[in-house]
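*Asks:* Can you keep this structure in mind? I'll have questions shortly.
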Amino acid sequence: MKLFKKIVDIQTWAEKIHKKGEDIALVPTMGCFHKGHLSLMQKGKELCNHVVVSLFVNPTQFGKNEDFNSYPENIKKDIKLAKTIDVSAIFLADKKEIYPEKFQTYVELTHLPSYLCGRTRQGHFKGVTTIITKLFNIIKPDKAIFGSKDFQQVQIIRQMTYDLNYNIEIIECPTVREDDNLAMSSRNIYLTSEQRKSALSLSRALKKAKKMIVKEKNLNGDSIKNEIERYINSFPFTEIDYIALCDPETLRNVINIKKSVLFALAIKIGKTRLIDNIIINPAK
Ligand code: PAF
């Protein structure tokens, strides 16, 4: 497994791979790997000759009051874990390499970032689309792999790939969960054992919303959200950022459910902000 720290080095390597007629799957990450990340790498192995994992805690996607300075890091362990999947390369650049002093170009979508997480995390998706654009330009992957837990992120990257004519296939992989259904996240390690119990409110709310829509035939978005709000508030430490029922493509709010909807949540448990989501088809 190769470890690249300089843009020019990974660029040269990726060009050589492509000249040989082999393809590359990119798995962009911010490190602190868990089984979710490993499943993305595994998918990359299935689909392409080479998997490149980028490991960069991207400062431009964190707001001023967010956890950039405390974001969990464990590079040595990450490198060991990536080796177990036999990825071809890790791209581990530092902040100066990615954002040199004279850097001044950002990539931003006009619509999709104004919903869900983008409402409270101002500028977050601008940071995400900028770093992903840079990674796409540097590595020129054939496929790029993302997890469904960040559903809005995947939609935004798909749209950006289309808008900017990248010849890159965006692959979405299912959320990997702990045994008790908590969605895996690098941020879960911030939770105390009491908060960890309250964190289960997210996955349980998804199940509850599905039951209301599919079994109980409640197709009114507002009434579902109100009930879920009461449910989440019944757990200690929870503070609701948003509860959304929306069109999976446009992310616009849905009041009368007629076809598949995205049910998405962002809940703060103490200081830790967690997200989760599910697509619910009212017919099944
Ligand atoms: O999902 C993440 O970890 C990040 O947003 C990403 C896609 C690696 C961009 O920094």
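Every read-out reported here was derived from the displayed coordinates using simple, explicitly stated rules and does not represent laboratory data. A quick note: this is a predicted structure, and the numbers were derived from the prediction, not measured. Note that each Cβ is placed from the backbone with ideal geometry, even for glycine, and that neighbours are counted across all protein chains shown.
*Asks:* Using each residue's phi in the stretch 196-210, evaluate 6.51 cos²θ - 1.76 cosθ + 1.60 at θ = phi - 60° and report the 3J(HN,Hα) Karplus result to the nearest Hz, with x for Gly and Pro.
*Replies:* 4, 5, 5, 5, 5, 4, 5, 5, 5, 5, 4, 5, 5, 5, 4
*Asks:* Now a separate question. Can you put SER223, SER260, SER148, SER185 in order, fewest other beta carbons within 10 Å first? Let's see the in-between values first.
*Replies:* Numbers: SER223 12, SER260 15, SER148 18, SER185 24.
In increasing order of surrounding Cβ atoms, one gets SER223, SER260, SER148, SER185.
*Asks:* Given 10 Å bins starting at zero, what is the percent of C-alpha pairs of the stretch 135-228 in each, up to the one with the largest pair distance?
*Replies:* Histogramming the stretch 135-228 at 10 Å steps yields 13, 30, 30, 22, 5 percent.
*Asks:* Between GLU97 and GLU22, what FRET efficiency comes out of the Förster formula 1/(1 + (r/R0)^6) with R0 = 30 Å and r the beta carbon distance, rounded to 0.05?
*Replies:* The formula returns an efficiency of 0.75 here.
*Asks:* In whole Å, largest first, what are the principal axis extents of the Cα atoms in the stretch 90-146?
*Replies:* The principal-axis extents, from largest down, are 31, 30, 17 Å.
*Asks:* Continuing with the same structure: For a bin width of 10 Å, list the pair-distance distribution of the stretch 75-188 built from all Cα-Cα distances, rounded to whole %.
*Replies:* Percent of pairs per bin, in order: 11, 35, 41, 12, 0.
*Asks:* Something else: Please get the size of the charge dipole for the stretch 131-284, origin at its Cα centre, with Cβ charges of +1 on Lys and Arg and -1 on Asp and Glu, quoted in debye to the nearest 20. All intermediate terms of the calculation are to be shown ahead of the outcome.
*Replies:* On the way: 25 positive and 18 negative charges, 62 e Å.
That gives a dipole near 300 debye.
*Asks:* Going through the cross-link list LYS225/LYS258; LYS5/LYS143; LYS2/LYS35, which pairs have a Cα-Cα distance over 19 Å in this structure? Could the numbers behind the result be given before it?
*Replies:* On the way: LYS225/LYS258 16 Å; LYS5/LYS143 21 Å; LYS2/LYS35 21 Å.
Over 19 Å Cα-Cα: LYS5/LYS143; LYS2/LYS35.
*Asks:* So what's the Cα pair-distance distribution over the stretch 119-176, bin width 5 Å, in %?
*Replies:* In order of increasing distance, the bins hold 4, 18, 30, 27, 15, 6, 1 percent.
*Asks:* Right, another one. Out of every Cα pair in the stretch 35-76, what percent are spaced more than 12 Å from each other? Before the final figure, lay out each step's value.
*Replies:* On the way: 604 of 861 pairs.
Beyond 12 Å sits 70 percent of the P(r) for the stretch 35-76.
*Asks:* For the chain, modelled as a GNM with alpha-carbon contacts under 10 angstrom, which of VAL214, VAL87, VAL254 fluctuates the most?
*Replies:* VAL214
*Asks:* Enter the angle in degrees (range 0 to 90, nearest 10) between the Cα long axis of helix 7-19 and the first principal axis of the Cα atoms of the chain, meaning the one along which they spread out most.
*Replies:* 90
*Asks:* Looking at the chain, send over the antiparallel percent of its DSSP beta bridges, to the nearest 5.
*Replies:* Numbers: 20 of 39 bridges.
Counting only bridges with both partners in the chain, antiparallel ones make up about 50 percent.
*Asks:* Moving to a separate point now. With a Förster radius of 25 Å, plug the Cβ-Cβ distance of GLU108 and ILE189 into 1/(1 + (r/R0)^6) and report the FRET value to the nearest 0.05.
*Replies:* On the way: r = 31 Å, r/R0 = 1.24.
The value I calculate is 0.20.
*Asks:* Where the centre of each part is set by its Cα atoms, how far does the stretch 1-70 sit from the stretch 105-181, in angstrom?
*Replies:* Taking the Cα centre of the stretch 105-181 as reference, the centre of the stretch 1-70 is 14 Å away.
*Asks:* Right, next: In degrees from 0 to 90, rounded to the nearest 10, what is the angle of the helix 75-85 Cα long axis to the longest principal axis of the chain?
*Replies:* Helix 75-85 and the main axis of the chain meet at about 90 degrees.
*Asks:* Measuring from a point 7 Å past the Cα of ASN167 along Cα-to-C-beta, which residues in the stretch 1-27 have an amide N at less than 19 Å?
*Replies:* Within reach of a label on ASN167, which here means backbone N under 19 Å from a point 7 Å along Cα→Cβ, the stretch 1-27 contributes 11-26.
*Asks:* Projecting each Cα onto the charge dipole of the stretch 1-131 (Lys/Arg +1, Asp/Glu -1 at the beta carbon, about the Cα centre), which of GLY123, MET1, PRO59 comes out farthest on the positive side?
*Replies:* Of the options given, the answer is MET1.
*Asks:* Report D for the stretch 11-120 in µm² per second (integer): Stokes-Einstein, Kirkwood Rh on Cα pairs, 25 °C, 0.890 mPa s. All intermediate terms of the calculation are to be shown ahead of the outcome.
*Replies:* Working: Rh = 16.0 Å.
My calculation gives 153 µm²/s for D.
*Asks:* Going down the table (LYS16/LYS80; LYS64/LYS208; LYS43/LYS210; LYS64/LYS95), which pairs top 23 Å between alpha carbons? If you can, show how the numbers build up before the last one.
*Replies:* Numbers: LYS16/LYS80 25 Å; LYS64/LYS208 34 Å; LYS43/LYS210 28 Å; LYS64/LYS95 17 Å.
The pairs that break the limit, which is 23 Å between Cα atoms, are LYS16/LYS80; LYS64/LYS208; LYS43/LYS210.
*Asks:* Here's a follow-up. I'd like the orientation of helix 221-233 relative to the chain: the angle between its Cα long axis and the longest Cα principal axis, in ° from 0 to 90, rounded to 10.
*Replies:* Helix 221-233 sits at roughly 80 degrees to that axis.
*Asks:* What distance in nm lies between label points placed 7 Å from Cα along the C-beta direction at ASN256 and LYS211?
*Replies:* About 2.8 nm separates the two model spin labels.
*Asks:* Something else: Mean residue ellipticity at 222 nm from the helices of the chain, using -39,500 (n - 2.57) per DSSP H segment of n ≥ 4 over the full residue count, to the nearest 500 deg cm²/dmol? Don't skip to the end; give the middle numbers.
*Replies:* Working: 9 runs with 105 residues, N = 284.
The helix-only estimate for the chain comes to -11500 deg cm²/dmol at 222 nm.
*Asks:* Now a separate question. Give the aspartates and glutamates reachable from LYS126 as a straight Cα distance under 16 Å; neighbours fewer than 8 places away on the same chain don't count.
*Replies:* Those aspartates and glutamates meeting the cut-off are GLU66, GLU108, ASP150, ASP163.
*Asks:* With viscosity set to 0.692 mPa s at 37 °C, what whole-number translational diffusion coefficient in µm²/s follows for the chain from Stokes-Einstein and a Kirkwood radius over Cα pairs?
*Replies:* After rounding, the answer is 165 µm²/s.
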